[in-house]
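Have a look at the structure below, then the notes.
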Amino acid sequence: MGKHLVLVGGGHAHLTTLSKTADFVKRGHGLTLVSPSAYHYYSGMGPGLLAGTYEPRDTRFHIRRMVQERGGAFVQDRVAGIDAARRLLKLHSGNEIAYDVVSFNIGSGIRLPADTEEGPWLVPVKPIENLYHAREAIRARRARPLRLVVIGGGAAGVEIAGNLWHLARSCEARADIVLVAGGGLLDGWPIRAQDLARRSLTQRGIHLREGERALAFRAGQVKLESGAHLSCDLCFLASGVAPPPLFRQAGLADPEDGGLLVNDCLQSIADPRIFGGGDCISLAGARLPRVGVHAVRQNPVLRRNLLAALEERPLHSFRPRKNFLLILNLGDETGIARRGAFSGGGSGLLHLKHWIDRRFMHRFQVSGEAKDLRPGI
Ligand SMILES: Cc1cc2nc3c(=O)[nH]c(=O)nc-3n(C[C@H](O)[C@H](O)[C@H](O)COP(=O)(O)OP(=O)(O)OC[C@H]3O[C@@H](n4cnc5c(N)ncnc54)[C@H](O)[C@@H]3O)c2cc1C
């Protein structure tokens, strides 16, 4: 007798399972994807989407078609609660979905200080779609000088600041760009990479404020710890991510980190019917950085384990890689790469990044998708 698998979120770690929907259906199981959008955007191309190097259609997977064309069901909604005892998911719409096995790949959100007045001028860099909307807003306002602030000196903040410069130049906007780095630029990265990033940004006139933290965001004003205020038209928030509160509310979270606490089979420690991957999980015994590389590598393990859990077979382990390649797109036609202690920069690395990203898209985009020329999200 077939069982029901529910995938919550069609993120980077669920792509293989989604592309193999027909295998689950052929074996008599039902597969339902719950997602707020029919598309999932590939974060690695987010900075290029902001700069105008890519269009939305280049950077997204049509996850509704991926599942529906292969015999699964798609529910456009958001999971708002988990009743693990009754194996029920509560949806934002008020509906409920029952599952035999469920897997979460719902990502993470940008952490905001308590003193934050949200508004269209504040742009969290996740979800990635926000970067497209910001790009269009900048193009529309390019006739007058723009003040742009980026909060966060990590990989995402560096890429966003550099690609805002690229965007402003390509649409002939006059933009004053400030990057408030929190600690130092690219903290935890090799010194060589930090120097390369610093030089690339400052040579282009991007103002770096290292060792300064943002405390409050109100009506177009960013208040810094030093007491200084920065006025801006748009403020991009790349200040670190945290898992959504869903797992704490359901008693399934790592108490410190808030992610769905899973074992090395990507299975919840608290409930063997629950699995997860990507930014929303916390792997017991290993604090993994929240990067797409891990989510992507979890794909085959999740697919095998979800089928095994439905059919009560043994599970496989996920072994995270200690050393993995990250390449940042600096927005000046160069990239900075890091793998363990190695780092380097140059235009060849950016070409390599574009090649890796396009190959990944090609692997999971459904047929005809790249030919979809409708503009916008
Ligand atoms: C600008 C930027 C650039 C980056 N570049 C890189 C890079 O080059 N390399 C790298 O390794 N990492 C990169 N990262 C990190 C990367 O974004 C994350 O690690 C990655 O997105 C994690 O993938 P995920 O599938 O877990 O989450 P997400 O990509 O956030 O996907 C989550 C999905 O779940 C859906 N969802 C959310 N909530 C719900 C809900 N309640 N119910 C149902 N569905 C829901 C969302 O719609 C979304 O489709 C970058 C991050 C940023 C911000």
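The values are calculated or read from the model by the stated rules, or taken from the named source; none is laboratory data. Nothing here was measured: the structure is a model prediction, and the numbers come from that model. Cβ atoms come from the backbone with ideal geometry, glycine included; neighbour counts cover every protein chain shown.
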Can you spot a residue in the stretch 62-69 that is polar (S, T, N, Q) and either under 19 Å from the mean Cα position of the chain (by Cα) or within 21 Å of L306 (Cβ to Cβ) (or both)? yes
Unmet criterion (only one of (1) within 14 Å of the ligand (Cβ to nearest atom); (2) free of Cβ contacts under 8 Å to residues at least 60 places away in the same chain; (3) under 30 Å from G205 (Cα atoms)) for L326: (2)
Mind listing whichever residues of the stretch 212-257 are among the hydroxyl-bearing types (S, T, Y) and under 22 Å from the mean Cα position of the chain (by Cα)? S239
Mind checking which strands (runs of 3 or more DSSP E) fall wholly inside the stretch 19-131 and carry at least 1 residues that are in contact (Cβ under 8 Å) with a residue 60 or more places away in the chain and within 12 Å of the ligand (Cβ to nearest atom)? 30-35, 39-41, 60-62, 79-83, 88-91, 96-98, 101-104, 122-124
R87 vs (1) within 18 Å of G11 (Cβ to Cβ); (2) more than 21 Å from the chain's Cα centre (by Cα): all pass except (1)
Run down P314, P320 and say which single residue is in a loop (DSSP other than H, G, I, E, B), within 15 Å of the ligand (Cβ to nearest atom) and touching a helix residue (DSSP H, G or I) at 6+ places or on another chain (Cβ under 8 Å). P320
Test: residue in the stretch 266-286 that is at pLDDT below 95 and either under 15 Å from P320 (Cβ atoms) or not aromatic (F, W, Y) (or both): yes
With the requirement that a residue be polar (S, T, N, Q) and either modelled with pLDDT under 95 or surrounded by 21 or more Cβ atoms within 10 Å (Cβ to Cβ) (or both), what does the stretch 306-340 give you? N323, N329
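Let's see how each residue does on (1) among the basic types (K, R); (2) under 17 Å from Y41 (Cα atoms); (3) in contact with a Cys (Cβ under 7 Å, 6 or more places away or on another chain); (4) in the same structural domain as A161 (by TED's automatic domain parsing):
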{"residue": "G335", "(1), (2), (3), (4)": "no, no, no, yes"}
{"residue": "R339", "(1), (2), (3), (4)": "yes, no, no, yes"}
{"residue": "G344", "(1), (2), (3), (4)": "no, no, no, yes"}
{"residue": "H351", "(1), (2), (3), (4)": "no, no, no, yes"}
{"residue": "R358", "(1), (2), (3), (4)": "yes, yes, no, yes"}
{"residue": "F364", "(1), (2), (3), (4)": "no, yes, no, yes"}
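Tell me the residue from L186, L196 that is surrounded by 22 or more Cβ atoms within 10 Å (Cβ to Cβ), more than 16 Å from the ligand (Cβ to nearest atom) and either in a helix (DSSP H, G or I) or on the phi > 0 side of the Ramachandran plot (or both), please.
Just a single option satisfies the conditions, and that option is L196.
The rows are residues; the columns are (1) touching a residue at least 40 places away in the same chain (Cβ under 8 Å); (2) in a loop (DSSP other than H, G, I, E, B); (3) surrounded by fewer than 18 Cβ atoms within 10 Å (Cβ to Cβ).
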| position | (1), (2), (3) |
| --- | --- |
| T202 | no, no, yes |
| G211 | no, yes, yes |
| L215 | yes, no, yes |
| S226 | no, yes, yes |
| D257 | no, yes, yes |
| L261 | no, no, no |
| D279 | yes, no, no |
| S282 | no, no, no |
| P289 | no, yes, yes |
Could you tell me which residue of the stretch 1-18 is farthest from the ligand (Cβ to nearest atom), considering only residues that are over 22 Å from the mean Cα position of the chain (by Cα) and not in a loop (DSSP other than H, G, I, E, B)? H4
Residue pairs, Cβ under 9 Å, 6 or more apart or interchain, first in the stretch 150-166 and at positive phi, second within 11 Å of the ligand (Cβ to nearest atom) and of a type in the set (V, I, T). List them. G152/I110; G152/V125; G152/V158; G152/I160
Name the one entry in R204, R199, R218, R209 that is of a type outside the set (V, I, T) and within 25 Å of Y54 (Cβ to Cβ). R204
Kindly provide the set of residues from the stretch 77-109 that are under 20 Å from P124 (Cβ atoms), surrounded by fewer than 16 Cβ atoms within 10 Å (Cβ to Cβ) and among the hydrophobic types (A, V, I, L, M, F, W, C), ordered by number. A80
For M361, only one of the following conditions fails: (1) under 19 Å from the mean Cα position of the chain (by Cα); (2) in a strand (DSSP E or B); (3) aliphatic (A, V, I, L, M). What is its number? (2)
With in contact with a Ser or Thr (Cβ under 7 Å, 6 or more places away or on another chain) and among the acidic types (D, E) as the only criterion, which of D115, D100, D77 stands out? D77
Kindly indicate whether L234 is crowded, with 16+ Cβ neighbours inside 10 Å, within 16 Å of the ligand (Cβ to nearest atom) and not assigned by TED's automatic domain parsing to the domain that holds H133. no
